[in-house]
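S.K.: Below: one structure in structure tokens.
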Amino acid sequence: MASPTSTLTHLAAELAAGRTTSRALVSDCLTRIDSPVGEGARAFIKVHAQVALAQADLHDQMRRQGAAVSPYAGIPISIKDLFDIAGDTTTAGSAVLRGEPPATRDGPSVARLRAAGFVVIGRTNMTEFAFSGLGLNPHYDTPRNPWDRAKGRIPGGSSSGAAVSVADGMAFGALGTDTGGSCRIPAAVCGIVGFKPTASRVPLQGAYPLSSSLDSIGPLAASVNCCAIVDAVLSGSAPPAPAAGGPLAGGLLAGSLRLGVLTNYVTDGIDAAVAANFEGAVRKLSNAGARLTNVSLTELSELPQINSKGGLPAAEAYARHRARLATDAARYDPRVASRILRGREQDAADYIEVHRRRADFIERVSRRLEFFDAVLMPTVPILAPAIAELTTEDAYIRTNALMLRNPSIVNFLDGCAISIPCHEPGSAPVGLSLFGLRNTDHRLLAVAAAVEECLR
């Protein structure tokens, strides 16, 4: 049975050498999904077992016959329930959409993954309509975080099932979305890697929208290189080649890597364990030779006021849902419905003003950060709380705001970002975020790979 932490590169090598088969990989994942002591029933909304096994057999047959196949042909991957898969109804983690017609074709992201040979193992659970950073779902239940599972901690959201599917070895990569941290938050609290690309990098067609201005499509996986591979498939580009000779190769960390370290806003209310792991990661990078500069971005204090009426997500979600909410509100998660309904607080002038202020924010902040190869911050400032701690409306709102605060900066900035585990093995998962400006994705992924190596 393949290890849950097997990388795509390792699995590709095992397949090429004949040491494993696609059927074996798919069967292993299905066994974990079906385990009565596992989280498969909560992490997946639908499992494509028979189709996945048939596709696995086809890839194995092509390899036996010497056909030219993608290195990743036959590797199982999960798909967030936000994406169109031919023959499935895209429910976006909701009860409201269950009766909608099934998709007639795969969305572009799913189609590109299939074309690269990945096997779709199933559709993963998520926050309803992707509108929360906690991962709670009253319709399909909530997947439990792999850390301290007995206490029942949140998986992070909105790509909750995506993160748990990878962390528990039910898939070797996951397709997610990120509007305010929905790939990076669950990756951080589940101890894996999550990447948010520049929004325009991957086409949004075939993915149920939350906010057309902020949505982006990205992967969750076991390593930075795994995310780079999947991102290359999704974006139709070549993955960055890893530097030979380790993290110091080419002087990447040996004096030439310029990293900014955010010192304000993102550390407000930080948990002691998160602070200790973040500071430890920064210290390791400094010892490895990276040039670190503390950065106080006073502009960040403007964000609460800019988004005081719910910001772009509330306005754009309300435009999509208002007719349905008027007739079918009882079938929504009330915590999600209340966030969508905040869009009523904005008129056309408010919406235009948020866009204007966003453009101004991007211009000013970009000037301050353009000299850095990446900027560092804690992905989220707190450890994953227990689900039972979030039963009151006040606790839910307060914790959700904390979870979204740091990662949503990058979406508003229209940048790219990645979360890498930086905690000690066996301890509570903590994510280190690296982010860059718009269209610096390849550079960020290369820097992140070096940082990941340094933190091991």
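S.K.: Given H placed on each backbone N at 1.01 Å, which residues far from residue 262 in sequence or on other chains put an amide H within less than 5 Å of it?
M.R.: 295, 376
S.K.: Determine the order of 89, 124 by accessible area, beginning with the largest, at a probe radius of 1.4 Å.
M.R.: Largest accessible area first, the residues go 89, 124.
S.K.: Please get the size of the charge dipole for the chain, origin at its Cα centre, with Cβ charges of +1 on Lys and Arg and -1 on Asp and Glu, quoted in debye to the nearest 20.
M.R.: The calculation lands at about 320 debye.
S.K.: Scan around residue 430 for amide H atoms under 5 Å from its own, H built in the peptide plane at 1.01 Å from N, and keep only partners 5 or more places away or cross-chain.
M.R.: So residue 430 has HN proximity to 422, 423.
S.K.: Separate question: Which pairs, out of 80/309; 284/309; 80/284; 46/196; 46/309; 80/151, put more than 30 Å between their alpha-carbon atoms?
M.R.: From 80/309; 284/309; 80/284; 46/196; 46/309; 80/151, over 30 Å: 284/309; 80/284; 46/309.
S.K.: Which far-off residues, 5 or more places away or on another chain, put their amide H under 5 Å from the one on residue 153, with H placed in the peptide plane?
M.R.: 145, 387
S.K.: I've got another one for you. In what order, largest first, do 10, 321 sit by accessible area if the probe radius is 1.4 Å?
M.R.: 10, 321
S.K.: Next question. Place +1 on the Cβ of every Lys and Arg and -1 on the Cβ of every Asp and Glu in the range 247-374, take the dipole about the Cα centre, and give the residue among 346, 261, 285 whose Cα lies farthest towards its positive end.
M.R.: So the residue we want is 346.
The values are calculated or read from the model by the stated rules, or taken from the named source; none is laboratory data. Model, not experiment: these values are computed from the prediction. Don't worry about glycine lacking a Cβ; one is built from the backbone with ideal geometry, like all the others, and counts go over all protein chains shown. Each accessible area value is taken on the protein alone, full model and side chains, heavy atoms only, with ligands, DNA and RNA left out. Shrake-Rupley method; radii C 1.70, N 1.55, O 1.52, S 1.80 Å.
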